[in-house]
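Notes to accompany the following structure.
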Amino acid sequence: MSDAALLAEASLHDIRDRIRAFELDRREFLRLCSGGLLVCLSGTGVAQESGRARQGHALPQDVSAWLHIDAAGKVTVFTGKVEVGQNIRTSLAQSVAEELRVPFDAISMIMGDTDLTPWDMGTFGSRSTPTMGPQLRTMAVAAREMLVEAAANQWSADPATLTAADGRVTNPKTGASLAYGDLTHGEKLTRTVSGDPPLTPASAWKIAGTAVPKAQGREFVTGKHQYPSDITRPGMLFGKVLRRTGFNATLVSVDASAAEKMPGVQVVRDGDFIGVVADNVWSAEQALAKIQAKWNVPAQISNAELFAALRKQGGSEPASSGGFEQALAGADVKLDQEYTVAYIAHAPLEPRAAVAEWEDGKLTVWTGTQRPFGVKDDLARAFRLSDDHVRVIMPDMGSGYGGKHTGECAVEAARLAKGAGKPVKLIWTREEEFTWAYFRPAGVMAMRGGAKRDGTLVAWQHHNINSGPSGLETPYAVPNPSVRYIEVNDPPLAQGSYRGLASTANHFARECAMDELAHGLNMDPLEFRTKNLTDPRLSAVFTAAAEKFGWGREKSTAQRGFGIAGGTEKGGYVAACAEVEMDAAKKVRIRRVVQAWESGAIVNPDGLRNQIMGAMVQAIGGALFEQVQFSGGQVQNAHFADYRLPRFRDTPQIEVVLIDRRDLPSAGAGETGIVALAPAVGNAIFAATGVRLRGMPMAAGTFSS
Amino acid sequence: MAGILLNVNGSVLRVTAADDEPLLWVLRNRLGLTGTKYGCGEGQCGACTVLIDGRATRSCLTPAAAAVGAQITTIEGLEKSGALTPVQQAFLDEGALQCGYCTSGMILAASALLAEHVAPTDEQLAGAMNGNLCRCGTYPRIVAAIRRASDALVKKGPDYV
């Protein structure tokens, strides 16, 4: 992710203005660690997102992670990153185990606890693997070197002659050997590391690079894992919040007397915020239903008017550069089409949830979020608390996909707990999650382009109104491409981060537009792409996907279509081939998708396959049927019965081809796997039917699924 | 609020709950069995699936009072003396989860399916599982896990729940 793109994503949540230096008292932390070795990683020296001045705000330059080894040799790593199902708890631990030369099981990860872990901007943008990975490895190398030095001192040996393996330092000459825990025993060894020590090259990895199963997997199949919504506290009550009846509604009047009369129920009011608490959730639900409120909902547009509104706000199409127009004039085949993408929801299966507890003026909130430190800031601001009076703890949660960056639920739970004088749990209902979260931005994409008869791309324009800049740059060689992202100041719905964010829409528009040109040229779509590709990594995934799929082996028919698409985003390269089946009723079924992937050195091939396959399945929804329908300030399909998500029956045969480039740094893999499916499917539908679908979702009008 | 007796995971438990309070809330909030998840409250996602007399049932739509006298099995009741059931083991072996929030419901729905059809057809499998959502998209691995558990059960015999 480029600095500009990272900043763009950060700005969605106004992070720039909230960044504050990390203030944990490290001496206090050291006191809690009863001896052993503590290594802190300084912000300098290692490539990372913290430590750079941005727009006048210096990100914390203090410490980005730390690692502790106790007297028993147990290794604990502290990082502000969080586990949301992407398996980063496992893959980061693998990297530490690799460099520290300990078994995987020796590592414990403390993640996303604002009292225990260093400040972190958040877990988004596929940053954990390319930034936190090297940081933790750097720390682990330093720790290993300290242990070797400690052993060398004990044995009066040259550290260079000693070896570290399997949690022990050994002197091969004498046979002497000490476990890491014994080397630290009784002493407090600390060091702050910076710089770039030599990391173990991926070609020599023994633990990293292997298919280590998900950490604590057994907890998940036995129901023991405690998600944010499972946390309980002594004396805890259950809360519900009265919602406005539409976006931007203002309260006219409220009568909560019937609710207040219910035994065991307390109404909590703070301005327009009205909630109830009870000792069980059922009573809280009944009480909430008894509150009579009148709201004034201002007139708002519906999704039928969405694209017209975005076009209007995006302004008239700016004149493209003279170079582009001239190049287009010289093209033999031309394209001028508009693509669109609807608003879609993240719909994490665990809705937003928080448990808030006040104790002696200090607030602790357990909540599901990708930005625990951001939520901490939200809480500090909402209740005017100093930094050391708020703690946010993020138990590994029921997913996010970019949808849980904000702290509304945490603030609501804290408000209820404050009013009630007891800990309060608040779990958003599915309808609340569908309505009061934020959405992946809708967008309008103006695509123009042209190619010579021989298949040379000569002109390219891709303008995106509102949905975002990621994935906007074309990877195809073309002089003077006109590529623009046009921001909209007042989008109709709350919008924010999402897995892949705009890259999905921009890949859809670009890869379908390329397909249009290829068909205009009467050229094979893969051949047209290959002819204009200069990036060998992208060419390699196209080739790998096509080979595995058997691209070109069969011709598309009216019943069966084949499509191809690909691209690069956040350091990962992806290409997909799709086969769709069409029936007489214009019903689309995706039968098979082969996706090839390359993201540098693979840290965990099993976790990576899982991520890519999951991203492909998730992509089916946005490609074919997901869209938020809204009117009158309300979401009209705020239920799973109305908002269709991909299910078992929608799932095609999926094959993932991994290319492991151990000579290249590891890129993050949570997002990019989602971008190629929609255009591959759209191109396959065209190949079968001759109908070009230029709006996501594609199976919401003429076609169904 | 009334006292009722529920048979959960082989134990008879007395709980106080409103007659129409969903079994989901009773299990999670009154009995501390939080392995059963809330996903939608409308029977559309399957995260709250439990077994009632062996049948996969949406606990969010089942009043607790309606489960009196029945054998209720939650995810916490599957493991016996530290041994996972073949379905649980297969989910682990196939890595058939990401965030894992749907996993309890998936495992119970799959357990009910295999109890009825130890070697289900593709159609039987899809029909039994289609009501369970996995937003992380691990369906292909879940299918593989169910097939793996099916193979194990065919070899061992179906005495697993």
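Rule-based calculations on the coordinates, nothing more; no lab input. These figures come from a predicted structure and were not determined experimentally. All Cβ positions, glycine included, derive from the backbone under ideal geometry; neighbour counts span all protein chains shown.
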Of A:81/B:37; A:240/A:261; A:376/A:422; A:240/B:80, which pairs sit farther than 28 Å apart, going by alpha carbon to alpha carbon?
A:240/B:80
Compute the label zone of residue A:338 within the range A:435-449: residues whose backbone N is under 13 Å from the point 7 Å along Cα-to-Cβ.
A:443-447
Length gained when the stretch residue A:260-residue A:530 is fully extended (0.36 nm per residue, less Cα-Cα span):
90.3 nm
What nm value, rounded to one decimal, do you get for the distance between residue A:560 and residue A:473 when each label is placed 7 Å out toward the C-beta?
4.0 nm
Residue by residue through the range A:115-129, the couplings from Karplus 6.51 cos²θ - 1.76 cosθ + 1.60 with θ = phi - 60°, in Hz, x for Gly and Pro, are 8, 10, 10, x, 3, 8, 5, x, 9, 7, x, 6, 9, 5, 5
Cα-based shape type of the protein assembly as shown, given that a ≥ b ≥ c are square roots of the gyration tensor eigenvalues and the cut on a/c is 1.5
rounded
I'd like the FRET efficiency for residue B:116 and residue A:74, computed as 1/(1 + (r/R0)^6) with the beta carbon distance as r and R0 of 56 Å, rounded to 0.05.
0.75
Residue-averaged beta-carbon neighbours from other chains (10 angstrom radius) around B:88-98
5
Within the range A:95-112, whose backbone N sits under 20 Å from a point 7 Å along Cα→Cβ of residue A:177?
A:97-107
Per-residue Cβ counts within 10 Å, from other chains only, averaged over A:201-214: what number is that?
1
Residue-wise, which Karplus ³J(HN,Hα) couplings in Hz belong to the range B:111-122, taking 6.51 cos²θ - 1.76 cosθ + 1.60, θ = phi - 60°, and x for glycine or proline?
5, 5, 4, 6, 5, 8, 10, 5, 10, x, 6, 4
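Within chain A, which complete DSSP H helices have Cα atoms spanning at least 30 Å along the helix axis and a mean Kyte-Doolittle hydropathy of -1.0 or higher?
What comes out of the filter, once short or polar helices are dropped, is A:133-155.
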Answer rounded, prolate or oblate for the range A:295-369, using the Cα gyration tensor with square roots of eigenvalues a ≥ b ≥ c: rounded when a/c is under 1.5, else prolate when a/b is larger than b/c, else oblate.
prolate
Which whole-angstrom value gives the distance between the alpha carbon centres of the range A:317-388 and the range A:513-588?
30 Å
Give me a single rounded figure for A:644-652: the average over its residues of other chain Cβ atoms within 10 Å of their Cβ.
6
Efficiency of FRET from Cβ geometry, residue A:641 and residue B:81, R₀ 45 Å, rounded to 0.05:
0.65
Per DSSP helix of 4 or more residues, -39500 (n - 2.57); summed, then divided by the residues of chain A. What does that give at 222 nm, rounded to the nearest 500?
-8500 deg cm²/dmol
Antiparallel DSSP bridges in chain B: what percent, to the nearest 5?
90 percent
Work out the FRET efficiency for residue A:299 and residue B:42 from their Cβ-Cβ distance, taking R0 = 30 Å, and round it to the nearest 0.05.
0.50
Would you work out if the range B:64-103 is rounded, prolate or oblate? Take a ≥ b ≥ c from the square roots of the eigenvalues of the alpha-carbon gyration tensor; rounded if a/c is under 1.5, else prolate when a/b is larger than b/c, oblate otherwise.
oblate
Note on chain A: contact order normalised by length, alpha-carbon pairs under 8 Å, 6 or more apart, percent, works out to 14 percent
HN-Hα J in Hz across the range A:634-646 - Karplus 6.51, -1.76, 1.60, θ = phi - 60°, x for Gly and Pro:
10, 7, 8, 10, 8, 9, 4, 5, 10, 9, 7, 9, x
